[in-house]
Amino acid sequence: MSENRFIDDAINRSAETAEDRAKLTSMVAETATGAPTTTAEEGGPSDGSILNFALNLEYLEAEFYLRGATGQGLPDDMVGGTGTPGQVSGGRQVAFRSPLIKNIAREIAMDERAHVAFLRGALGDAAAARPRISLDHSFTAAATAAGLIKPGEIFDAYANDRNFLFAAFLFEDVGVTAFKGAAPFISNKTYLDAAAGLLATEAYHAGIVRATLFSEGLADDSVFDAVHKISAVRNAVSGPADDDQDLGTKDEANLVPTDEYGRTFGRSAAQILNIVYLDSQAGSSGGFYPDGLNGDIVQGTGPAAG
């Protein structure tokens, strides 16, 4: 196969739309070094589909943090696109008591907003619209499943500093494992480099949230129990591997969840969807996305024990 044909084939496999193909062709023309472009695993999703999947997740994180830190979500010019656009229910500015947690929330919020802007720019006209997002009933369902509240009670993620941190913990490790799991399927090196940068940022976020919760736990043992229950719910719905990790104990911290070789584990897109849909079955909507995601990657995997 000639080099030109190889590149053309790689571009066609990596692109979700004609515009996406044109962008990749332009990037190859501008940055070609003579080395062949890395290709995705046979039968894997296109790079455009993966980026849109990431964009759907970033919409959720951005709306969660922005509303908690500033009282406002994403502006109207950052939520349109392909698919069915949706509104956001729930979320409001938190009356933070801790200056530390307030600053953490604000910095992460600005990062997540920037992630949305970056992915939308990379995808152009192929960018998925923000789907309908729940920041109210979803947290109550997750907290009920974890045993943090009794059936019939309401969990308000924006009620206080600690509730906000618990909600952030639910998201942050998910974002890290999502980018790690997607990396082998990204063909274009420019996109892969971008995904690596996003993964690193999400890992910083997760580490900050975990360390802050650990500090809270040093003064109140119940924090460790709550985090353990949230971790157990994520593990139960994502399945089948028993790989989710809590914070450990005040005597033996587990601030960095890794395997025996010190590596972060990854989750498949379907496992991530099980978590955000709060459903161990092969669903296509629910939880934080009542109508599902926009794009090609929308189906969870089930049952988790299978």
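The values are calculated or read from the model by the stated rules, or taken from the named source; none is laboratory data. What you are looking at is a predicted structure, and each value in this text was computed from that prediction instead of being measured. A quick note on method: Cβ atoms are made from the backbone with ideal geometry, for glycine too, and the neighbour counts reach across all protein chains shown. When the accessible area is computed, the model is the full protein with side chains, heavy atoms only, and any ligands, DNA or RNA have been set aside. Shrake-Rupley method; radii C 1.70, N 1.55, O 1.52, S 1.80 Å.
So Leu74 fits all but one of (1) at pLDDT 95 or above; (2) open to solvent by 60 Å² or more (accessible area, probe 1.4 Å); (3) of a type in the set (A, V, I, L, M, F, W, C); what number is the exception?
The failed condition is (2).
Mind checking whether some residue in region 182-189 is within 13 Å of the chain's Cα centre (by Cα), touching a residue at least 60 places away in the same chain (Cβ under 8 Å) and surrounded by fewer than 22 Cβ atoms within 10 Å (Cβ to Cβ)?
Of region 182-189, the ones within 13 Å of the chain's Cα centre (by Cα) are 182.
The next check asks that each one be touching a residue at least 60 places away in the same chain (Cβ under 8 Å); those that pass are 182.
From what is left, the residues that are surrounded by fewer than 22 Cβ atoms within 10 Å (Cβ to Cβ) are none.
Looking for residues that are within 13 Å of the chain's Cα centre (by Cα), touching a residue at least 60 places away in the same chain (Cβ under 8 Å) and surrounded by fewer than 22 Cβ atoms within 10 Å (Cβ to Cβ), one finds none in region 182-189, hence no.
Let's see how each residue does on (1) touching a residue at least 24 places away in the same chain (Cβ under 8 Å); (2) closer than 26 Å to Ile104 by Cα; (3) in a loop (DSSP other than H, G, I, E, B):
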position	(1), (2), (3)
Leu218	yes, yes, no
Lys229	yes, yes, no
Asp243	no, no, yes
Asp246	no, yes, yes
Thr258	no, yes, yes
Arg263	no, yes, yes
Gln271	yes, no, no
Ile275	yes, yes, no
Gly300	yes, no, yes
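Would you tally the residues in region 142-165 being open to solvent by 10 Å² or more (accessible area, probe 1.4 Å) and outside any helix (DSSP H, G or I)?
Taking region 142-165 as the starting set, the residues that turn out to be open to solvent by 10 Å² or more (accessible area, probe 1.4 Å) are 142, 144-156, 159-163.
Restricting the remaining residues to those that are outside any helix (DSSP H, G or I) gives 147-156, 159-160.
Result for region 142-165: 12.
Quick one: in region 206-233, of everything that is polar (S, T, N, Q) and closer than 28 Å to Ser280 by Cα, which residue is surrounded by the fewest Cβ atoms within 10 Å (Cβ to Cβ)?
First, the residues of region 206-233 that are polar (S, T, N, Q): 212, 215, 222, 231.
Imposing the further condition that a residue be closer than 28 Å to Ser280 by Cα reduces the set to 222, 231.
Working: Ser222: 11, Ser231: 20.
Here the residue is Ser222.
Looking at region 95-132 only, could you name the residues that are surrounded by 22 or more Cβ atoms within 10 Å (Cβ to Cβ), of a type outside the set (Lys, Arg) and part of a loop (DSSP other than H, G, I, E, B)?
Ala127, Pro131
Of Ala196, Ala253, Ala168, Ala236, which residue is modelled with pLDDT of 95 or more and either crowded, with 23+ Cβ neighbours inside 10 Å or out of contact with any helix residue (DSSP H, G or I) (no Cβ under 7 Å at 6 or more places or on another chain) (or both)? Break it down into steps so the answer makes sense when it comes.
On the way: Ala196 fails: modelled with pLDDT of 95 or more; Ala253 fails: either crowded, with 23+ Cβ neighbours inside 10 Å or out of contact with any helix residue (DSSP H, G or I) (no Cβ under 7 Å at 6 or more places or on another chain) (or both); Ala236 fails: modelled with pLDDT of 95 or more.
Just a single option satisfies the conditions, and that option is Ala168.
Suppose we filter Ala54, Ala18 for residues that are surrounded by 15 or more Cβ atoms within 10 Å (Cβ to Cβ) and either modelled with pLDDT under 85 or among the aliphatic types (A, V, I, L, M) (or both); which single one remains? First the steps, then the outcome.
On the way: Ala18 fails: surrounded by 15 or more Cβ atoms within 10 Å (Cβ to Cβ).
Selected residue: Ala54, the only one of Ala54, Ala18 that is surrounded by 15 or more Cβ atoms within 10 Å (Cβ to Cβ) and either modelled with pLDDT under 85 or among the aliphatic types (A, V, I, L, M) (or both).
Which of (1) of a type in the set (Val, Ile, Thr); (2) over 15 Å from the mean Cα position of the chain (by Cα); (3) assigned to a helix (DSSP H, G or I) does Val209 not meet, given it meets every other one?
Failed condition: (2).
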